[in-house]
Amino acid sequence: MRSLFNNTPAGMSRRHFLDHLAGSAALGATALAFGRTVEAASETLRRNHKSVVLLWMNGGPPTIDMWDLKPGAPTGGPLNPIATTGDYQISEALPNLAKLGDRLSIVRSMSTREADHTRGRYYLHTGYVPNPNVVHPSYGSVIAHELENSVPWLEIPPFVSIGGSSEGPGFLGMAYAPFQVDNSGRVRDAQPLVDEERMSDRLRLLAEIEGRFAKQRRGAAAGEHAKVLGKTVSLMRSDQMVAFDVDKEPAAAKERYGDSGFGRGCLLARRLVEAGVPFVEVDFGGWDLHDNCFTQLETKLPQLDRGMSALVSDLDERGLLQNTVILCMGEFGRTPRINGDAGRDHYARAWSAVVGGGGLQGGLAIGETSSDGMAVESTPYSSEDLMATVCQALGLSLDRKFTSLNGRPMKIAGGGTPISELIV
Amino acid sequence: MRGAALAVAAMLVLAVGRGAAAADSSLTDEDVVSRLDELLKQSWRDAGVSPSPTAPDGPWARRVCLDLIGRVPTLDELRAFFAEPPHERRAWLVDRLLGREYTVERSRWDATQWAILLVGRTGGMRNNSPIHRESLEAYLGDEMRANRPHDEFMRELVTATGSVRPEDPDHNGAANFLVDKLGDDAVQATARTAQLFLGTSVQCTQCHNHPFNEQRQNQFWELNAFFRQTRFQPIREEDSNRRYGRVVNRDFMGEAGRRVTLEGEERAELYYELRNGRLKVAYPTFIDGTPLADVMLDRGVDEGDSGRLDVVDRRAELADLIARSDEFARVTVNREWARLLGYGMVRPPEDMGPHNPPSHPELLQTLADAFVRSGFDRSRLTRWIVSSRAYQLDSRAGRSNADDDPAAGVTPAFSRFYLRQLTPEQIYDSLVTATRADEGLSEEEADRARRRWLRQFTIDQGNDENGEATTFNGSISQTLAMMNSRVMRRATNLRGGDYDNQTLLASIAWDDTLSDAERIDRLYLAALARKPTRDELRLAQSLLAKREGDVAETLRDVWWALLNSNEFILNH
């Protein structure tokens, strides 16, 4: 056993540091279960990993103007529907996505209860409503936690959030927190201040201070920090950091995804999926369209169309779409009624989400809403159902239970039921 | 036509209503603290737990400095603290931190925290935000320096009018609170006022009745009616893209125009839509069900539902109703308790009410009553809590209270001090204090560095609730910034120079009067307010051997490790 106090001059590798952290008794054997092989895995193995890309329409998109149009209704708005290669119509402002209609399906019968941003984003990210006694893990954290072992070579964080905050890891702990980067993929402060060997000396000192404090029964946060340190060092030292370097993409690829923050975020998401990251969220903000909804859609919808269609077709061409679930939604939809400021307000009772890839059935419109878009007129689906569908596609058992810190068992995807039409 | 005598009487009532509550001079701090301690001990007995032992003095001093002035103590401050007799030093330090000597630093820290509560970390940071953050913080700094009674403070915020820009003749820093919340019929003004000063989350009832308690949709809109005489007015800067705003009062004639009852009274109405599409009417009514019209009638004003400012100033009336409510004192003491002890007796603090009972009802009420009797003295409230038994305890769990861990979802028993992440502001200010990393920077450069650091961790959700998130919560991003950022490079700088221009590290490394052991001691004290253990010393010594006796470079490594430790970035 390596001593914590030896002063061997050899540079300390990532493994050594992790061993040191794991060696500090407080962390216990399970705290740092790094059953990973350092050697790069074979190309086949890499190709078989599964991922999810969540395109998060932050603020709540007007899905009545995008995925479930009501032409002619007083609530319909100015946009017209066009045909797609799938079994449904979508907005004329999304022509490139229309060509991918057979790859994607629309769930038009989303019906939820949280029409407040903070509560809605929590619910759509976790499957639970906020509760003062439990902080639920977001879907990204759950999937990172569940799929981490299927990508043993991965040295960058298993949950990356691009351009937004996503939601936290809750009781799964900070080691599964979203790693947040901006649309350019810039990772701040990734260069160590000192050389490798010196850094190892420093980390050894740190492991001692860290371990002493963590084993004093002060609470989980003390030990969590050691785990995050391990992930941070792993990231800093990894060649896989190159996955974040979206500038390395050829000009044609950048052009394809479009010159928008969202477009760059989608391109970055593709690079991360290729690298094996199990959950990537791309945040596309500015959907809180209480006023001038339709003029704002004139810029937003083309950006969405270009970035999302490029992502789906690019993944498809690379043979990755089959293993990558795409999910596009926000915290709720928006009111069919158009308000006095030419806007639409928050509306959770009837809205649409888009899902595809990962072996899920494409080309379908699931469920329907009333002629004015006010109500769902078929089986309503929830955040939990959508997530159960995604878990099913990833091959995760829906019987999987987590135990929250207060001992309550919690089913994966909040006990939702997969949407059967989507399961092939 | 009202008689002159009646008007005078009304003015008198008004004067009494608006004045600050007088402090009760028979209330002593000792009595309040000993009552809190009795109740705490009783609650531990009832729960069958033994509280953790008293925290060691050094880490306790670190804790109270972080909470009251937003940073860790300096070596000099620790030395002075330890020079006091053991049984007096804690009270001595609390006196000092709440006293004149720290007024500037404390009020700046309090202002920072209040600014975050009032407008978030992103308010005023974007060009299109009407908030003038500097003027808000300046205003808050003045309020905190004066220790303005909390009811007056609340009244200033809730009733503010004027421009947020300091150069305008009608400038009022307090207007920053409401200036970005008046759009969409002042929905956010209503929601935030209720959360902050009444501990009530009414915003969900804007669209539908609360699923879990009896709050009804009408409650939201009746409270909202108090804000309908209030308007936002944009201010455009001539030669920049920056926009600001002002809050103005205007007569409100009702959403459907002027309405007069059969008795000839004017009533300014607003309408809201039930989920079944029916329209309902709302008049100003406080959350306890008191209609403003009744309040006004008691004062001899017949047309209480009028929206004319010369008849009734709705926001001024709202401020009075808030100040007199039980909720106002309860939410304030609960929030301060949560700030200092990590968790509130009601969680979350903005959702109090019968559906969410407190963990320690008597304790909460005792504090609330004392706070009212003190004349809403925030400084005394802080003193009571940091002087209470709960605040003295170690964060280490003992045998019987290991389960007392609200992070694990149990109701807090406050039988130990709970670990918590420092805020980005606390970490940065502590880093700069502990390391003197800013020596050699101009004030402007130092400010810019601080702003840049704080900004990188805040994400603006860009929605109408001013939602935002921080990535400074123990994440990889935070860890990278602690390990490798510019401020850390400056903090671990060894360059020479005279004492005043050196980092702490350099001043210790180059001080020939110190032994190596003393040097390491000082670094540990400056970062963690404790001395190194024998193992830690041994490790440092082995590194020194590896560095072939280069003390300065060895200290530099130790210093970096200390600043990156869990023990540094947590309050414990």
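Can you name every residue in region B:226-246 that is more than 27 Å from the chain's Cα centre (by Cα) and polar (S, T, N, Q)? Matches in region B:226-246: B:Q229, B:Q233, B:S240, B:N241. Out of all the residues in region A:141-187, which are more than 8 Å from chain B (Cβ to nearest Cβ), of a type in the set (S, T, N, Q) and either buried (at least 21 other Cβ atoms within 10 Å of the Cβ) or in a strand (DSSP E or B) (or both)? Of everything in region A:141-187, those that are more than 8 Å from chain B (Cβ to nearest Cβ), of a type in the set (S, T, N, Q) and either buried (at least 21 other Cβ atoms within 10 Å of the Cβ) or in a strand (DSSP E or B) (or both) turn out to be A:S141, A:S161, A:S166, A:N183.
Could you tell me which residue of region A:345-402 is farthest from A:V424 (Cα to Cα), considering only residues that are among the basic types (K, R) and surrounded by fewer than 19 Cβ atoms within 10 Å (Cβ to Cβ)?
Within region A:345-402, the first condition is being among the basic types (K, R), and the residues that meet it are A:349, A:400-401.
Narrowing further to those that are surrounded by fewer than 19 Cβ atoms within 10 Å (Cβ to Cβ): A:400-401.
Details: A:R400: 21, A:K401: 25 Å.
Only one residue tops the list, namely A:K401.
Within region B:67-85, how many residues are free of Cβ contacts under 8 Å to residues at least 24 places away in the same chain and either in a helix (DSSP H, G or I) or touching a strand residue (DSSP E or B) at 6+ places or on another chain (Cβ under 7 Å) (or both)? Lay out the reasoning, then the answer.
Start the filter on region B:67-85 by keeping residues that are free of Cβ contacts under 8 Å to residues at least 24 places away in the same chain, which leaves B:76-77, B:79-80, B:83-85.
If we keep only those that are either in a helix (DSSP H, G or I) or touching a strand residue (DSSP E or B) at 6+ places or on another chain (Cβ under 7 Å) (or both) too, we end up with B:76-77, B:79-80, B:83.
Residues in region B:67-85 being free of Cβ contacts under 8 Å to residues at least 24 places away in the same chain and either in a helix (DSSP H, G or I) or touching a strand residue (DSSP E or B) at 6+ places or on another chain (Cβ under 7 Å) (or both): 5 in total.
Annotation note: of B:S50, B:S26, the sole residue that is at pLDDT below 95, closer than 30 Å to B:T366 by Cα and over 27 Å from the mean Cα position of the chain (by Cα) is B:S26. Checking each residue in region A:188-199 for being more than 7 Å from chain B (Cβ to nearest Cβ) and either farther than 23 Å from A:D239 by Cβ or in a loop (DSSP other than H, G, I, E, B) (or both) picks out A:V194, A:D195. Number of residues in region B:470-501 that are touching a residue at least 60 places away in the same chain (Cβ under 8 Å), surrounded by fewer than 20 Cβ atoms within 10 Å (Cβ to Cβ), not in a helix (DSSP H, G or I) and not polar (S, T, N, Q): the value is 1. Scanning region B:111-138 for residues that are in contact (Cβ under 8 Å) with a residue 40 or more places away in the chain and closer than 18 Å to B:C65 by Cα yields B:T112, B:Q113. Out of all the residues in region B:359-418, which are small (G, A, S), surrounded by fewer than 19 Cβ atoms within 10 Å (Cβ to Cβ), in contact (Cβ under 8 Å) with a residue 60 or more places away in the chain and within 14 Å of chain A (Cβ to nearest Cβ)? Matches in region B:359-418: B:G398, B:S400. The criterion of at least 1 residues that are at pLDDT 95 or above and surrounded by 21 or more Cβ atoms within 10 Å (Cβ to Cβ) is met, among strands (runs of 3 or more DSSP E) falling completely within region A:52-111, by A:89-91, A:104-110. Filtered by the rule that a residue be surrounded by 14 or more Cβ atoms within 10 Å (Cβ to Cβ), of a type in the set (D, E, K, R) and in contact with a strand residue (DSSP E or B) (Cβ under 9 Å, 6 or more places away or on another chain), region B:259-301 gives B:R259, B:E266, B:R267, B:E269.
In the set (1) under 17 Å from A:A175 (Cα atoms); (2) at pLDDT below 95; (3) in contact with a helix residue (DSSP H, G or I) (Cβ under 7 Å, 6 or more places away or on another chain); (4) not small (G, A, S), the condition left unmet by A:E148 is number (3). For A:V134, the conditions (1) touching a residue at least 12 places away in the same chain (Cβ under 8 Å); (2) surrounded by 20 or more Cβ atoms within 10 Å (Cβ to Cβ); (3) at the interface with chain B (Cβ under 9 Å from one of its Cβ atoms) are fulfilled apart from (2).
Looking at A:R408, is it within 14 Å of another protein chain (Cβ to nearest Cβ), basic (K, R) and closer than 30 Å to A:V151 by Cβ?
Values: within 14 Å of another protein chain (Cβ to nearest Cβ): yes; basic (K, R): yes; closer than 30 Å to A:V151 by Cβ: yes.
Yes: the conditions hold for A:R408.
Of the residues making up region A:90-111, at least one is within 14 Å of chain B (Cβ to nearest Cβ) and out of contact with any His (no Cβ under 9 Å at 6 or more places or on another chain). If you go through region B:452-509 and keep only what is within 24 Å of A:P157 (Cβ to Cβ), facing chain A (nearest Cβ under 7 Å) and in contact with a strand residue (DSSP E or B) (Cβ under 9 Å, 6 or more places away or on another chain), you end up with B:I459, B:Q461, B:G467, B:A469, B:T471, B:G474, B:S475, B:I476, B:S477. Here A:R202 meets each of (1) in contact (Cβ under 8 Å) with a residue 24 or more places away in the chain; (2) within 8 Å of chain B (Cβ to nearest Cβ); (3) not polar (S, T, N, Q) with one exception, condition (1). Which ones in region B:79-99 are under 26 Å from the mean Cα position of the chain (by Cα), of a type outside the set (D, E) and over 16 Å from B:L393 (Cα atoms)? Across region B:79-99, the qualifying residues are B:W92, B:L93, B:R96, B:L97, B:L98, B:G99.
Taking the residues in region B:419-439 that are among the β-branched types (V, I, T) and surrounded by fewer than 23 Cβ atoms within 10 Å (Cβ to Cβ) as candidates, determine which candidate is farthest from the other protein chains (Cβ to nearest Cβ). Result: B:T433. Scanning region B:559-568 for residues that are more than 9 Å from chain A (Cβ to nearest Cβ) and either farther than 20 Å from B:R79 by Cα or surrounded by fewer than 23 Cβ atoms within 10 Å (Cβ to Cβ) (or both) returns a single hit, B:L563. In a residue-by-residue description of region B:183-193, the property of being modelled with pLDDT under 95, more than 24 Å from B:A329 (Cα to Cα) and acidic (D, E) applies to at least one position. The single residue among A:A365, A:A375, A:A393 that is touching a Gly at 6+ places or on another chain (Cβ under 7 Å) and aliphatic (A, V, I, L, M) turns out to be A:A393. Scan region B:533-558 for residues that are more than 22 Å from B:N484 (Cβ to Cβ), crowded, with 16+ Cβ neighbours inside 10 Å and more than 9 Å from chain A (Cβ to nearest Cβ) and the total you get is 4.
For region A:117-131: of the residues being within 10 Å of chain B (Cβ to nearest Cβ) and under 14 Å from A:G333 (Cβ atoms), which is modelled with the lowest pLDDT? Step through it out loud before you land on a result.
Step one: list which residues in region A:117-131 are within 10 Å of chain B (Cβ to nearest Cβ), which gives A:117-121, A:129-131.
Imposing the further condition that a residue be under 14 Å from A:G333 (Cβ atoms) reduces the set to A:117, A:120-121.
Numbers: A:H117: 91, A:G120: 95, A:R121: 95.
Filtering region A:117-131 for residues that are within 10 Å of chain B (Cβ to nearest Cβ) and under 14 Å from A:G333 (Cβ atoms), the one modelled with the lowest pLDDT comes out as A:H117.
The values are calculated or read from the model by the stated rules, or taken from the named source; none is laboratory data. Please read all numbers here as calculations on a predicted model, not as lab measurements. Please note: Cβ atoms are built from the backbone with ideal geometry, for glycine as well, and neighbour counts cover all protein chains shown.
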